[in-house]
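Read the structure below first, then the notes.
The values are calculated or read from the model by the stated rules, or taken from the named source; none is laboratory data. Note that the coordinates shown come from a computational prediction; the quantities given were computed from them, not determined experimentally. As a convention, Cβ positions derive from the backbone with ideal geometry for all residues, glycine included, and neighbour counts pool all protein chains shown. We work out accessible area using only protein heavy atoms, side chains counted, and drop any ligands, DNA or RNA first. Shrake-Rupley method; radii C 1.70, N 1.55, O 1.52, S 1.80 Å.
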Amino acid sequence: MAVTGLALLTACSDTDGDSDGAASASPSVATSEPASATPSVSGDPQSAEETAVLKAYAAFWAEQVKAYSKGDTQGTDFAQYAAAEAKSSTEADLKDLRSKGIVTTGAPTHEAEVDRLSAAKQVPSAQLTDCLDSAAWKFIHSKTRKPVQMPENRLVRYVTKVDAEKWGKQWKIVNVTPQQDAC
């Protein structure tokens, strides 16, 4: 899957009996906006576009945090920052987690950098690399508020590749691919 659901949540298992069988959550991600996510803007148009795409990326994660904490994108601005595979994958993941009675608390953090920006194309695009840290993002059973047991050997800090496109005046995250590489 191109977005790969948005995180490396490999195998979750249900240990308190609240849901039907194992809660093998699809990969998913949500994070909070880091203070250092945006570079300073100079008179350089390239720098301004890099700043804009990083701001959109941070907002994408902030809206995902809201969605995962309640199990739904409804009532969030997630669709303003997500499109294509990034949007559909997150919505499918949330549907799966909701059916298992799982939501989140806390939020991952991230350290994103723009690797490539093609602002002159008909549809401007950017590729980012992020170091996502999901250690503070906890999956819980919504009814009991008990944590979902996670595999002890899972990566909690890993590289994520991100594709973004500028639709009109708005940058949108279109693809998020977690890597099997620690950062």
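Side notes on the structure shown:
- Straight-line reach from residue 66: taking Cα to Cα under 21 Å and skipping same-chain neighbours fewer than 8 places apart, the lysines in range are 55, 87, 95, 100, 138, 143, 146, 172.
- Under the Karplus curve 6.51 cos²θ - 1.76 cosθ + 1.60, θ = phi - 60°, whole-Hz ³J(HN,Hα) for region 143-158, x wherever Gly or Pro sits: 6, 9, 6, 7, x, 7, 5, 10, x, 5, 9, 6, 6, 10, 10, 8
- Amide H within-cut-off set for residue 112, under 5 Å, with H built and near neighbours excluded: 131
- With K and R counted +1 and D and E -1, the other residues having a Cβ less than 10 Å from that of residue 126 yield a net charge of -3.
- Computed label-point distance, nm, for sites residue 138 and residue 111 using a 7 Å Cα→Cβ extension: 2.5 nm
- Normalised by residue number, the volume inside the convex hull of the Cα atoms of region 103-171 is 109 Å³ per residue.
- Backbone amide hydrogens, once placed in the peptide plane, bring residue 102 within less than 5 Å of 142, excluding anything fewer than 5 places away on its chain.
- Debye-formula intensities of region 83-124, expressed as log10 I(q)/I(0) at q = 0.24, 0.25, 0.33, 0.34 Å⁻¹, are -0.97, -0.98, -1.03, -1.03 (one equal scatterer per alpha-carbon, no solvent).
- Gain in span if fully extended, residue 161 to residue 88, counting 0.36 nm per residue against the direct Cα distance: 24.6 nm
- Spacing of the modelled spin labels on residue 131 and residue 80, each 7 Å from Cα toward Cβ, amounts to 3.0 nm.
- Sequence-ordered 3J(HN,Hα) estimates for region 105-122 from the Karplus curve with 6.51, -1.76 and 1.60 and θ = phi - 60° stand at 10, x, 7, x, 10, 8, 10, 9, 9, 7, 8, 8, 10, 10, 7, 8, 6, 4 Hz, glycine and proline given as x.
- Contact order relative to length of region 60-144, as percent, for alpha carbon pairs under 8 angstrom and 6 or more apart: 27 percent
- Other residues whose C-beta falls under 11 angstrom from the C-beta of residue 165 contribute a net charge of +2, scoring Lys and Arg +1 and Asp and Glu -1.
- Three-way shape label, region 57-183, alpha-carbon gyration tensor, a/c 1.5: oblate
- Converting phi to 3J(HN,Hα) with the Karplus coefficients 6.51, -1.76 and 1.60 and the offset θ = phi - 60°, region 54-65 yields 5, 5, 5, 5, 5, 5, 4, 5, 4, 6, 5, 4 Hz in sequence order, with x at every glycine or proline.
- Close amide-amide hydrogen proximity is noted between residue 149 and 13, 15, each under 5 Å apart and 5 or more residues distant or on a separate chain (H modeled in the peptide plane; Pro and chain starts excluded).
- With protein chains left intact and a 1.4 Å probe, residues in region 48-183 average 47 Å² of accessible area per residue.
- Accessible area of region 56-183 belonging to carbon and sulfur atoms, whole % at 1.4 Å probe: 48 percent
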